[in-house]
1. Excluding same-chain residues fewer than 8 positions from residue B:210, which lysines have a Cα within less than 21 Å of its Cα?
2. Please give the FRET efficiency for residue B:64 paired with residue B:204, using the beta carbon to beta carbon distance and R0 = 30 Å, rounded to the nearest 0.05.
3. Which FRET efficiency value, to the nearest 0.05, is calculated for residue B:86 and residue A:14 with the Förster distance at 35 angstrom and r the Cβ-Cβ distance?
4. Can you give the charge dipole size of chain A about its Cα centre, rounded to the nearest 20 debye, using +1 on the beta carbon of Lys and Arg and -1 on the beta carbon of Asp and Glu?
5. Between residue B:49 and residue B:11, what FRET efficiency comes out of the Förster formula 1/(1 + (r/R0)^6) with R0 = 25 Å and r the beta carbon distance, rounded to 0.05?
6. Just to be sure I understand the rule: take each whole DSSP H helix in chain B, project its Cα atoms onto its long axis, keep it if the span is 30 Å or more and its mean Kyte-Doolittle hydropathy is at least -1.0. Which ones pass?
7. Roughly speaking, to the nearest percent, how much of segment A:1-149's 1.4 Å accessible area is carbon and sulfur?
8. Compute the acute angle (0 to 90°) between the alpha-carbon long axis of helix A:132-145 and the principal axis of greatest extent of the alpha-carbon atoms of chain A; round to the nearest 10°.
Amino acid sequence: MSGSPGITVKGQHRLGARVLFNTDLHIPGGQWTCLLGRSGVGKSTILRLILGLDTGGVFHGSFDATDGDPLTGRISYMAQSDLLLPWLSVVDNICIGGRLRGEVPWIARARDLLDRVGLSGHADQKPATLSGGMRQRVALARTLFEDRPIVFLDEPFSALDAGTRADMQELAAEVLQGRTVLLVTHDPAEAVRLAHQITVLSGQETQNWPVPDTTALRDINAKETLASQARLLAHLRGIAA
Amino acid sequence: MKIRDTVLALLIGIGLWQVLVGITGAPHFILPSPWRVAQAAFKSRVIIAENAWVTTVEVLLGLLIGTLLGVVTAVQLALSRTAERLMLPILVFTQAVPVFALAPLLTLWFGYGMGSKIVMAVLIIYFPVTSAFHDGLMRIDGGYRDLSISMGAGKWNFMRHIQIPQALPSLGTGLRLAAVYAPIGAVIGEWVGASRGLGYLMLLANGRAKIDLMFASLIVLACLTVVLHISVGFLAARLTRYAQGTGAL
């Protein structure tokens, strides 16, 4: 997808009298940005803020798309929980966005997307019959159905087992190519594998962390990947201490 | 509940009843024996059936109207904060008024026919249905709301496609309660003033010292309530299975 805009976020977020974070974040367009930092530092809050969801606090500052157009309606969202509706079939879950906007759902497209995430045989099944990994694939297809230039992922793979998680990372990197992706994660390995830009959030600053010179999606076993992962982990432990 | 267990429990109940009659030696116009009641029920089967039919219609219409009103109110309350703020205290307050005490008034307003009994049944089930369904509508996973907002969902579409289906098991809970309350409402309405229905027949039999007929009417009423309870239980289970994705509606 060409022309996916970047996003800049600059300002301070407060919870009551407490400053949760000060941030000056630049998310480049058409690339993967991975957001790390210890729990409670406000990673998900940034994401919710830009999505226009309730954050429980007040933000003083601004967030804008680099192309100057409003962000509303240009971001799709995927969370840690798959949020599939148990009473709908897999294919109906994928096109739920259409129904929620009062449009006639585009079933054929939903089936294509299901094919793309490798679940074409499961269109008419209910989510309860699927494994955790399959359910996250359906959630990914639902995110793709929205067909928006910006995609926010809030720890979408963290509840999956290691093998499934690696598969999902590859699939997501492939199907989301060219979109502006902001991935909140706790996993340095995941960040180093997927990111074009790694940003570490702490209470007072937003720091960009160097990524290996190789191109994402990176080889898990490559020397640079492993070394970068180790350095990032050490850095995160330093912040947490 | 297995059929065998039910039959066994029934037989034990009837046995105990018979033993009680034997031990106390109560005259039949105080405590008739099961056999006597069975005879009376058979002898008066036509009149019992006619009156049972009237009560059944009152109860079913009361259930239907009460449920519809309850569902509409719950959805309205869930859609509008203002409605919720204004209506909930009123709803709770109306619950503080014993509905039974309204029966004479309802008879005055709606007459001696079925109308006042249906209104009575509606009033008695309206609150449990509204409150159970409203709770279900509000107890929504915040994640669904976030997802819907990010998808640009309207309030009503969110209600229709996510909140309502998700709250169906709660509606089932309300319906189970309603199935127990509705016959009580109808019968109390009949006691206060009616010329037909099982409640009326019980009073009539009592007045003429036909205690066996009164018992027969009472047992038929209990059977009606049990059948209703079981049917609504099936419906409620179906709603739950649908919402969990393990069955069709």
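The values are calculated or read from the model by the stated rules, or taken from the named source; none is laboratory data. Because the structure is a prediction, the values reported are computed rather than measured. Every residue, glycine as well, gets a Cβ built from its backbone with ideal geometry; the counts of neighbours run over all protein chains shown. Accessible surface areas use protein heavy atoms only, side chains included; no ligands, DNA or RNA. Shrake-Rupley method; radii C 1.70, N 1.55, O 1.52, S 1.80 Å.
1. Reachable lysines: B:43.
2. Using R0 = 30 Å, I get an efficiency of 0.60.
3. It comes to 0.60.
4. On the way: 24 positive and 25 negative charges, 91 e Å.
With only Lys, Arg, Asp and Glu charged at Cβ, the dipole is about 440 debye.
5. For residue B:11 and residue B:49, the calculated efficiency is 0.50.
6. B:3-24, B:45-79, B:114-138, B:164-192, B:211-243
7. Carbon and sulfur atoms account for 49 percent of the accessible area of segment A:1-149.
8. 90 degrees
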